[in-house]
Amino acid sequence: LGGKFNSFKDLSNSAATQFIGQHDAQWGPGSNYSEITLFDNRADWTYHDEQVSWGTRVHVDLVNMTATLVAEYIHPEHVYSVSQGSYQTLPNGNVLLGYGNNGVVSEFAPNGTLLCDAYFEPSKDWTSGNVQSYRNLKFNWTGLPNTKPSLAFAAGSLYMSWHGSTEVRGWLLQHASEPEGSFSQLMRTPKDGFETRVDLGVKMRVRQYVQATALDKDHQILAVSDPIDVGRDLEAIEDEPWAVEAGESDDFEDETEAEQAEALEDVQLLMMFSGLALISSLLLCWLCLGSRILRPWKVVKATVQGYKRSDEFFPVPRGQQGALGFYVQAVWSSVVGGRNLLYRPLGQDEQNDVPLRGFPR
């Protein structure tokens, strides 16, 4: 393709086959050998009349032996390199060009729009060859350092960072009374730049030792810093039970509120069922016993006045039986007994008509 012994018919007015000093020619990803990408230097050590280099994508028909220009990626500053260079098709369809003899790397959208531009040297030094990069490639880089996160305390504030990590999205602060003790959650905070700062409030109760835990986007633990001593000036506590106060995480507060709401619902249901059970019991008693429920009050009143029941036979005199036993027996008999008459003995004189003392006659 191209050169003195070109085998293809150029369908783009020579734009698909006329290139100079090209580098990094490759089959286009996913093209099934139907496209070729390359960095067209448009110059070499002998020919450099156009003073511009660009990226080229060419469609080739291997059956009909034709070539067609698909796209060109030209830097708006018309960067040109007499040697080296690279062309990379990114997974999203963007194109990354490295300008070899010049310290420039640029990313273009599929339609040719310049998206990102990085210089390794001042533009005034282009073509000098002072800074060169044979190829420039772009890949996803995941940084997980072997070191632990850093945590520092100064002037009432905590500073946390993890140099080299690309996965940190938030921090979990934990505290304990001893450096080797059991650490509990103090608060969470999102990552804020290279170094995240957290101001500890004046009224915030913090145990003496604090550590920072790096969290990823799924809130999973990546690494934990060494604990540091924040001193006693923050009302650090040792063995006291920790109360939920300002500074606890929103997740913990939400969970506590949900548990309280659920407990309140349970109490309300229990009270409702208890009320229904009480009403049902009273209704059942009324249906079964009817007006007998009111009989004990009538019997007590009549008994105090000296009346007897027609079915009462007391083997023990009432005076010896006792007041409490007498009235219990009278009430019970009135509830479970049949229809009986209450009568007042005729032979008793006025002073002895009520055998039990302590009640009005």
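The values are calculated or read from the model by the stated rules, or taken from the named source; none is laboratory data. Keep in mind it's a predicted model, so treat the numbers as computed, not measured. Here Cβ is always computed from backbone atoms with ideal geometry, including for glycine, and neighbour counts include all displayed protein chains. Only protein heavy atoms, including side chains, enter the accessible area calculation; ligands, DNA and RNA are left aside. Shrake-Rupley method; radii C 1.70, N 1.55, O 1.52, S 1.80 Å.
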Please state which of the following conditions residue 68 fails to meet, knowing it meets all the rest: (1) open to solvent by 30 Å² or more (accessible area, probe 1.4 Å); (2) farther than 21 Å from residue 15 by Cβ. (2)
In segment 90-100, which residues are of a type in the set (S, T, N, Q) and either assigned to a strand (DSSP E or B) or open to solvent by less than 40 Å² (accessible area, probe 1.4 Å) (or both)? 94
If we keep only residues of segment 16-25 that are assigned to a strand (DSSP E or B) and either in contact with a Pro (Cβ under 6 Å, 6 or more places away or on another chain) or on the phi < 0 side of the Ramachandran plot (or both), then the residue surrounded by the most Cβ atoms within 10 Å (Cβ to Cβ) is 23
Reported set for segment 199-227 where residues are open to solvent by 50 Å² or more (accessible area, probe 1.4 Å), part of a strand (DSSP E or B) and either free of Cβ contacts under 8 Å to residues at least 24 places away in the same chain or β-branched (Val, Ile, Thr) (or both) is 221, 224
Out of (1) surrounded by 15 or more Cβ atoms within 10 Å (Cβ to Cβ); (2) at pLDDT below 90; (3) within 29 Å of residue 18 (Cα to Cα), what's the single condition that is false for residue 177? (3)
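Just checking, which of 63, 104, 52 is out of contact with any Cys (no Cβ under 6 Å at 6 or more places or on another chain), open to solvent by 20 Å² or more (accessible area, probe 1.4 Å), among the hydrophobic types (A, V, I, L, M, F, W, C) and without any contact (Cβ under 8 Å) to a residue 40 or more places away in the chain?
On the way: 104 fails: open to solvent by 20 Å² or more (accessible area, probe 1.4 Å); 52 fails: open to solvent by 20 Å² or more (accessible area, probe 1.4 Å).
Going through 63, 104, 52 in turn, just one is out of contact with any Cys (no Cβ under 6 Å at 6 or more places or on another chain), open to solvent by 20 Å² or more (accessible area, probe 1.4 Å), among the hydrophobic types (A, V, I, L, M, F, W, C) and without any contact (Cβ under 8 Å) to a residue 40 or more places away in the chain: 63.
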Exception for residue 147 within (1) in contact with a strand residue (DSSP E or B) (Cβ under 9 Å, 6 or more places away or on another chain); (2) assigned to a loop (DSSP other than H, G, I, E, B); (3) in contact (Cβ under 8 Å) with a residue 40 or more places away in the chain falls at (3)
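Only strands (runs of 3 or more DSSP E) wholly contained in segment 26-89 count here; list those with 3 or more residues that are closer than 18 Å to residue 16 by Cβ and in contact with a Phe, Trp or Tyr (Cβ under 7 Å, 6 or more places away or on another chain). Spell out the reasoning first.
Numbers: elements: 35-40, 54-61, 66-74, 86-89.
So the answer is 35-40, 54-61, 66-74.
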Regarding residue 40, is this residue surrounded by 19 or more Cβ atoms within 10 Å (Cβ to Cβ) and farther than 15 Å from residue 8 by Cβ? yes
